[in-house]
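The values are calculated or read from the model by the stated rules, or taken from the named source; none is laboratory data. This is a predicted model, so every value here is computed, not measured. Cβ coordinates were reconstructed from backbone atoms using ideal geometry, including for glycine residues, and neighbour counts include every protein chain displayed.
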Amino acid sequence: MTAKVLDGKAIAAAYRRDIRQAVQRRLSAGRRPPGLAVVLVGDDAASEVYVNAKARDCRQVGFHSVVERISATVTQGELEARIVALNADPDIHGFLVQLPLPGHINADHIIDLIDPAKDVDGFHPYNIGRLALRRPTLRSCTPMGVMLLLDRTGMDYRGAQATVIGASNHLGRPMGLELLLAGCTVTMTHKFTRDTSAAARRADILISAVGKPGLVQGDWIKSGAVVIDVGITRDQQGKLHGDVDFDAAARSAAWITPVPGGVGPMTRVALLLNTLQAAGEVDDGG
Ligand code: GUN
């Protein structure tokens, strides 16, 4: 193996230490802690794991943390009423609604209702639009976490070829916008792309966000590339797999993320940073 590993777990822990200090300074100044609420509808097992991890992070950095557990039988109107209440809650600086939602709920309408200033997931059309217009405010957490990881490589983004595999609303699309903002020449591939491997092979930065283990093969990797694996699939034994054939890719890449312990912890750090920003600790450039 020649690639260096981008250790998201360790990098995230360092960020949490800094965030904790920022919270302590805020408390010493007599201000309230940043408050994050997570709304969990139903009893999806994977969502439960993610939500518990987010609450644990909050406790670690000293945030006020609320998890609202809501029955899967909630109506659209009842859930919308909860969003309106959180928008108005002065102790909650940011909140998110964990996805996926039950099939009878229109998730787009729920996200549209979130106050963009409290949208710490960065999913609201206003926040995606700001990113598209090069004036980012609250940025989508996984793409933001990936950029924090890429920063660790010290590479020059300007003119670099970046390929994003997968064009979902919450991962691939905002990821492409982040890379474009950073100065990369971006190729997006998706289910209608004729030759994804060709787009991968020319990438200085290759990001896979599909959720298909083994999709990205070793011979797809350009020598010296940075390979970021956003895919995460749990097999029947409960083991987590990325999209990238890690061992084969690590023979050509300069940098690579593991799964688990790569992008996942950085997504959660981005959520904490967004909450700090929503609580007024970071100038968002308005
Ligand atoms: N489901 C899986 N990941 C996420 C996330 O980052 N935010 C939300 N809201 N739902 C998710």
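If the condition is being more than 12 Å from the ligand (Cβ to nearest atom), over 15 Å from H93 (Cβ atoms) and touching a Pro at 6+ places or on another chain (Cβ under 7 Å), then region 22-69 contributes only G42. Kindly indicate whether any position in region 81-91 is under 30 Å from L150 (Cβ atoms) and not hydroxyl-bearing (S, T, Y). No: zero hits. Just one residue in the set G238, G211 is modelled with pLDDT under 95 and out of contact with any Cys (no Cβ under 8 Å at 6 or more places or on another chain); that residue is G238. Pairing residues of region 151-167 that are at negative phi with residues that are part of a loop (DSSP other than H, G, I, E, B) and of a type in the set (K, R), at Cβ distances under 6 Å and at least 6 apart in sequence or on separate chains, gives Q161/R202.
Of all residues in region 203-222, those satisfying the criterion of being under 17 Å from the mean Cα position of the chain (by Cα) and under 18 Å from T153 (Cβ atoms) are L206, I207, S208.
In region 88-106, which residue that is within 12 Å of the ligand (Cβ to nearest atom) and surrounded by 15 or more Cβ atoms within 10 Å (Cβ to Cβ) is farthest from the chain's Cα centre (by Cα)? Ranking the candidates gives L101 first. Inspect all residues belonging to region 16-36 and state whether any of them is part of a loop (DSSP other than H, G, I, E, B), on the phi > 0 side of the Ramachandran plot and in contact (Cβ under 8 Å) with a residue 60 or more places away in the chain. The answer is no, given that none of the residues of region 16-36 is part of a loop (DSSP other than H, G, I, E, B), on the phi > 0 side of the Ramachandran plot and in contact (Cβ under 8 Å) with a residue 60 or more places away in the chain.
Would it be correct to say that G8 is on the phi > 0 side of the Ramachandran plot, within 16 Å of the ligand (Cβ to nearest atom), modelled with pLDDT of 95 or more and out of contact with any Cys (no Cβ under 8 Å at 6 or more places or on another chain)? No. On the stretch given as region 123-139, residues that are of a type in the set (G, A, S) and either touching a residue at least 60 places away in the same chain (Cβ under 8 Å) or out of contact with any helix residue (DSSP H, G or I) (no Cβ under 9 Å at 6 or more places or on another chain) (or both) total 1. D229 meets each of the listed conditions (1) more than 18 Å from A53 (Cβ to Cβ); (2) surrounded by fewer than 22 Cβ atoms within 10 Å (Cβ to Cβ); (3) within 16 Å of the ligand (Cβ to nearest atom) apart from (2).
In region 112-148, of all residues being more than 17 Å from P34 (Cβ to Cβ) and of a type in the set (S, T, Y), the one that is nearest to the ligand (Cβ to nearest atom) corresponds to T142. Against the definition (surrounded by fewer than 17 Cβ atoms within 10 Å (Cβ to Cβ), at pLDDT 95 or above and small (G, A, S)), how does G159 come out, yes or no? Yes; evaluated as a whole, the condition is true for this residue. Considering (1) more than 16 Å from the ligand (Cβ to nearest atom); (2) closer than 25 Å to L27 by Cα; (3) assigned to a helix (DSSP H, G or I); (4) not hydroxyl-bearing (S, T, Y), the lone condition that L271 does not fulfil carries the number (1).
Among the residues of region 241-268, the one identified as in a helix (DSSP H, G or I), among the charged types (D, E, K, R) and either buried (at least 18 other Cβ atoms within 10 Å of the Cβ) or modelled with pLDDT under 95 (or both) is R268.
If you check T185 against the conditions, is it away from the ligand (no atom under 16 Å from the Cβ) and at negative phi? So T185 fits the description; yes.
Taken together, the criteria place A85 among residues that are assigned to a helix (DSSP H, G or I) and either within 13 Å of the ligand (Cβ to nearest atom) or over 28 Å from L240 (Cα atoms) (or both).
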